[in-house]
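Everything below concerns the one structure shown next.
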Amino acid sequence: MNSLILTTATRLLVALLLVFSIYALLRGHNLPGGGFIGGLIGATGFILYIVATSAAEARAALRVDPASVAMVGVGVAALAGLMSAFVGQPFMTGQWLFLFAEPGEKGLPLSSVLVFDIGVYLAVFGGILTLVFALEEEI
């Protein structure tokens, strides 16, 4: 499609969708959202970019192979599950680390659940884009 308006608006929308996908990823532990929906929202931005330009331009904008992103995501999710094995607990048991803890306060909580959500985000984002790029390039 050669619409100047759609191409220009898509550049802004892709950025907004990627920021919103990170927001959905980070709020997903305590509220609706998480890695799966965040990955879908992020992939939607690049799918819109494919529609507005072409698959080749979208691949160039992505700069990495989406299949590699999906593989890294699966590895990160598996690593999050293995974190509990290092402290002698069952696979996929949530672990928390509190950074910058003052005496009597908990500090900034980081959890293996967030690491798992990031892995799911990358796996969904890369998997969906791999599928869409394959379908678009075959046409």
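Readers should treat all values here as calculations from the given coordinates under stated rules, not as data from a laboratory. Because the structure is predicted, anything quoted here is derived from the model rather than measured. So basically every Cβ, Gly included, is an ideal-geometry build from the backbone, and we count neighbours across all protein chains shown.
Under the 0.36 nm per residue contour assumption, what length would be gained going from the current alpha-carbon distance of SER54 and GLU137 to full extension?
Gain in length upon complete extension: 29.0 nm.
With the crude spin-label approximation of a point 7 Å out along Cα→Cβ, what separation in nm comes out for THR8 versus PHE100?
Taking the simple label geometry, THR8 and PHE100 are separated by 4.1 nm.
How large is the translational diffusion coefficient of the stretch 30-88 in µm² per second when you combine the Kirkwood radius over alpha carbon pairs with Stokes-Einstein at 37 °C and 0.692 mPa s?
Numbers: Rh = 13.7 Å.
The Stokes-Einstein estimate is 240 µm²/s.
Could you let me know the centre-to-centre spacing of the stretch 76-96 and the stretch 1-34, using Cα atoms, in angstrom?
Rounded to whole Å, the Cα centres lie 31 Å apart.
Placing +1 at every Lys and Arg Cβ and -1 at every Asp and Glu Cβ, with all other atoms neutral, what dipole size does the stretch 4-138 have around its Cα centre, in debye to the nearest 20?
Working: 5 positive and 8 negative charges, 39 e Å.
Here the stretch 4-138 has a charge dipole of around 180 debye.
What whole-number volume per residue, in cubic angstrom, does the convex hull of the C-alpha atoms of the chain give?
Details: hull volume 17.4 nm³, N = 139.
Value for the chain: 126 Å³ per residue.
Using DSSP to define loop residues, name the GluC sites (Glu not before Pro) in the stretch 49-139 whose beta-carbon has at most 12 other beta-carbon atoms within 10 Å. It would help to have the intermediate numbers written out before the result.
Working: sites: GLU57, GLU105, GLU136, GLU137, GLU138; in loops: GLU105.
The qualifying sites are GLU105.
Angle check, please: helix 35-52 long axis (alpha carbons) against the longest principal axis of the chain (alpha carbons), in degrees 0 to 90, nearest 10.
Taking Cα atoms only, the helix is inclined about 10 degrees.
Residues in the stretch 96-122 near a label at VAL87, defined as backbone nitrogen under 11 Å from the 7 Å Cα→Cβ point?
Of the residues in the stretch 96-122, 96-98, 110-113 have backbone N under 11 Å from the label point off VAL87.
Tell me the angle of helix 66-82 to the major Cα principal axis of the chain, expressed in degrees between 0 and 90 and rounded to the nearest ten.
Taking the Cα atoms of the chain, the angle to 66-82 is about 10 degrees.
Calculate the FRET efficiency for LEU108 and VAL74 from the Cβ-Cβ distance with a Förster distance of 30 Å, rounded to the nearest 0.05.
Details: r = 27 Å, r/R0 = 0.91.
Working from the Cβ atoms, E equals 0.65.
Order these by the 10 Å Cβ neighbour count, fewest first: ASP117, ASP65. Display every interim value, and only then the final one.
Numbers: ASP117 24, ASP65 14.
Ranking ASP117, ASP65 by Cβ neighbours within 10 Å, fewest first, gives ASP65, ASP117.
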